[in-house]
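Notes for the one structure printed next.
The values are calculated or read from the model by the stated rules, or taken from the named source; none is laboratory data. Computed from a predicted model, the values in this text were never measured in an experiment. Please note: Cβ atoms are built from the backbone with ideal geometry, for glycine as well, and neighbour counts cover all protein chains shown. The area values use the complete protein model at the heavy-atom level, side chains included, leaving out ligands, DNA and RNA. Shrake-Rupley method; radii C 1.70, N 1.55, O 1.52, S 1.80 Å.
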Amino acid sequence: MQFKKLQLEDLASVKENLYSYAPNKSNDYTLTGLFLGLDYLNVYVAFEPEGVYIYQLLDGRYLFYFPLCEDTEAGFRKIIDYCRSNSLPYGFYPFTEENTEYLKKMNVPFEIKINEGYYDYLYYVEDLADFKGKAFHTQKNHINKFDKEYSDFSFEKITEANLGEVKNFFSGYAEEKFKETLDDTASEELSKIPELLNHMENYNLFGWCMRIDGAVQGFELGEIVGDMYYSHIEKANRSIDGIYTKIVNLVAKELKGKAKFINREEDLGEAGLRASKQRYHPFDFVRKEMVFCTM
């Protein structure tokens with residue numbers, strides 16, 4: 001196999017295989033998820049006649065994605081033979097327990113490294129649209145406070161008519177964020193959002209913006225795959241109390257009848273982000289694991 005560093009121009013060629021053969025509901029198996037980690041994850045790709053193969057480099061180990069081809073078992077064998085013939089330390093990510101059955105079938109020894117910070121949070125659309133019951137008491141309070149303080153707001157689908165305003169809002173948002181100390185993941189995301197806004201259709205994205213007193217103060221970008229909505233980008237003016245809760249709620253209302261579940265992605269072990277995601281009461285997770293093969 002001939003691997004090369006995955007480039008922006010390669011994404012269109014990856015798209016069909018990615019959505020046809022993705023093995024689980026992980027956000028990593030979406031075009032936007034792949035794009036956002038393009039550089040800091042050191043992602044490489046090989047285009048073979050039967051399919052597409054992708055890996056990322058982590059501390060000298062080659063971590064392969066699920067083989068994106070019709071004959072999954074043959075794809076695994078091809079990866080394993082490639083790594084063994086080149087004496088490469090290898091493994092797989094993002095993997096689920098079910099995915100390891102292929103390795104067991106081929107008698108490949110492996111160990112699983114679990115890090116809950118990589119798990120994607122899953123929610124029911126109806127839960128976030130309705131905020132029913134005592135469990136969502138805090139969210140309802142945030143919504144009530146927002147509605148009382150910001151009566152002049154609108155929630156609009158992003159179109160050519162308001163895209164420029166969304167870009168201007170994000171430009172100011174990013175300028176302020178870059179003044180902070182950011183980790184590689186946050187910096188990479190901020191640097192890549194302009195590309196997503198400029199080419200939403202190429203990434204299967206659609207979205208909404210929140211306007212308050214006439215000015216855009218937040219926006220959301222996501223996509224629907226099957227019965228799952230992936231919330232890829234969510235940015236808003238944090239000085240406006242309750243705005244994130246309001247956006248979460250309004251997005252879910254828009255999704256009713258279009259999707260059953262929402263994937264709000266991982267928390268990467270960041271305490272504040274974890275607390276925020278848990279407050280919305282996920283019903284489950286996409287349990288993504290690293291699998292290290294020992295031969």
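Quick grid of which residues meet (1) modelled with pLDDT of 95 or more; (2) over 30 Å from residue 106 (Cα atoms); (3) buried (at least 21 other Cβ atoms within 10 Å of the Cβ); (4) out of contact with any Leu (no Cβ under 8 Å at 6 or more places or on another chain):
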{"site": "244", "(1), (2), (3), (4)": "yes, yes, no, yes"}
{"site": "252", "(1), (2), (3), (4)": "yes, yes, yes, no"}
{"site": "276", "(1), (2), (3), (4)": "no, yes, no, yes"}
{"site": "288", "(1), (2), (3), (4)": "no, no, yes, yes"}
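One residue alone among 155, 131, 169, 178 is open to solvent by 90 Å² or more (accessible area, probe 1.4 Å) and within 25 Å of the chain's Cα centre (by Cα), and that residue is 178.
Where in the range 43-145 are the strands (runs of 3 or more DSSP E), entirely inside, with at least 2 residues that are at pLDDT 95 or above, of a type in the set (A, V, I, L, M) and closer than 23 Å to residue 29 by Cβ?
Details: elements: 43-48, 51-58, 61-64, 90-95, 110-113, 120-124.
By residue number, 43-48, 51-58.
Matching residues to (1) touching a residue at least 40 places away in the same chain (Cβ under 8 Å); (2) in contact with a Cys (Cβ under 6 Å, 6 or more places away or on another chain); (3) not β-branched (Val, Ile, Thr):
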position	(1), (2), (3)
11	yes, no, yes
19	yes, no, yes
22	yes, no, yes
32	yes, no, no
43	no, no, no
66	yes, no, yes
73	no, no, yes
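Here the condition is being of a type in the set (Asp, Glu) and in contact (Cβ under 8 Å) with a residue 24 or more places away in the chain; of 97, 160, 101, it holds for 97 alone. Close Cβ contacts (under 8 Å, 6 or more residues apart or on different chains) running from residues in the range 174-196 that are on the phi < 0 side of the Ramachandran plot and charged (D, E, K, R) to residues that are outside any helix (DSSP H, G or I) and open to solvent by less than 40 Å² (accessible area, probe 1.4 Å) comprise 188/37; 189/233; 192/38.
Go over the candidates 221, 268 one by one and state the one that is under 16 Å from the mean Cα position of the chain (by Cα), modelled with pLDDT of 95 or more and either surrounded by 15 or more Cβ atoms within 10 Å (Cβ to Cβ) or among the aliphatic types (A, V, I, L, M) (or both). Full working, then the answer.
Details: 268 fails: modelled with pLDDT of 95 or more.
Exactly one of 221, 268 is under 16 Å from the mean Cα position of the chain (by Cα), modelled with pLDDT of 95 or more and either surrounded by 15 or more Cβ atoms within 10 Å (Cβ to Cβ) or among the aliphatic types (A, V, I, L, M) (or both), namely 221.
Picking from residues in the range 224-235 that are without any contact (Cβ under 8 Å) to a residue 40 or more places away in the chain and more than 10 Å from the chain's Cα centre (by Cα), the one that is nearest to residue 124 (Cα to Cα) is 227.
Residues of the range 225-251 that are farther than 20 Å from residue 163 by Cα, in a strand (DSSP E or B) and among the β-branched types (Val, Ile, Thr): 225 alone.
Screening residue 140 on (1) surrounded by 11 or more Cβ atoms within 10 Å (Cβ to Cβ); (2) under 19 Å from residue 220 (Cα atoms); (3) not hydroxyl-bearing (Ser, Thr, Tyr) shows it passes everything except condition (2).
Considering 163, 197, 190, 205, which residue is in contact with a Ser or Thr (Cβ under 7 Å, 6 or more places away or on another chain), surrounded by 12 or more Cβ atoms within 10 Å (Cβ to Cβ) and at pLDDT 90 or above?
On the way: 163 fails: in contact with a Ser or Thr (Cβ under 7 Å, 6 or more places away or on another chain); 197 fails: in contact with a Ser or Thr (Cβ under 7 Å, 6 or more places away or on another chain); 190 fails: in contact with a Ser or Thr (Cβ under 7 Å, 6 or more places away or on another chain).
Among 163, 197, 190, 205, only 205 is in contact with a Ser or Thr (Cβ under 7 Å, 6 or more places away or on another chain), surrounded by 12 or more Cβ atoms within 10 Å (Cβ to Cβ) and at pLDDT 90 or above.
If we keep just the residues of the range 42-101 that are open to solvent by less than 60 Å² (accessible area, probe 1.4 Å) and small (Gly, Ala, Ser), which is nearest to residue 118 (Cα to Cα)? Out of the qualifying residues, it is 91.
Per the conditions (1) open to solvent by 40 Å² or more (accessible area, probe 1.4 Å); (2) touching a strand residue (DSSP E or B) at 6+ places or on another chain (Cβ under 8 Å); (3) part of a helix (DSSP H, G or I), the sole criterion not satisfied by residue 28 is (1).
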